[in-house]
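The values are calculated or read from the model by the stated rules, or taken from the named source; none is laboratory data. The model shown is predicted, which means the values in this text are computed figures rather than measured ones. Please note: Cβ atoms are built from the backbone with ideal geometry, for glycine as well, and neighbour counts cover all protein chains shown.
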Amino acid sequence: MEAADLIRVIADPQRFRVLAAVGLGAADRDQVGAMSGVDARGVVAATARLESAGLITGGPDGFRVDFPGLRDLVRREAVDGRDESAALESALDPFVRDSRLRSLPSKRIRRHAVLAHIVRTSFDEKSSYDEKAVNSVLERWCEGSGVDHVALRRYLIDHQLMFRVRGVYARNTEVLPAPGEAERYMDAVGLG
């Protein structure tokens, strides 16, 4: 089972309540029903699905949450996360090398990944930057690539990886100054 499968199984409110009841110590179907507020038929269906998913086990002592199985899932997901990180690096490789942009992907999803990498590695989440500082950073990224740093800056705004108010840029809107009259007008007419 993968994390996405687990989430799909417990996304059902009845199954979630049944799992919680078992986690709190309900051992048989009557106790599960009483603790979860789920009717007998719902308990049978939920426990069967939770057992088939490997979230609970049923034995002579009653139901139990399969904590060792969940720990194994967490370990596997951690390893998969490292694999995803390596996959991201290889996906960026044709476009980014040695903190320099080689080219900008034409496909939006790939372009977003490259732009997110640039923002993550170049701009602090809790800082704000004036336009000159942003241009300086982006010029270094674009050096020798043929990509215009101004176009790159616009893409960062378009992809909502950076935000701009009165010439101040930030990754996070909370560190930006209050919007001026022009920004409020643009937001009001839906162009913000």
Contacts under 7 angstrom Cβ, first residue in the range 33-45 being farther than 10 Å from Arg15 by Cα, partner of a type in the set (Val, Ile, Thr), 6 or more apart: Gly33/Val43
Can you list the helices (runs of 4 or more DSSP H) found entirely within the range 48-155 that contain at least 2 residues being modelled with pLDDT of 90 or more? 108-122, 131-142
Cβ pairs under 6 Å, 6+ apart or interchain, first in the range 122-137 and under 13 Å from Val165 (Cβ atoms), second among the small types (Gly, Ala, Ser) and outside any loop (DSSP other than H, G, I, E, B), ordered by first then second residue, are Ser128/Ala170
Name every residue in the range 141-155 that is surrounded by fewer than 17 Cβ atoms within 10 Å (Cβ to Cβ) and out of contact with any strand residue (DSSP E or B) (no Cβ under 8 Å at 6 or more places or on another chain), in order of residue number. Gly146, Asp148, Val150, Ala151, Arg154
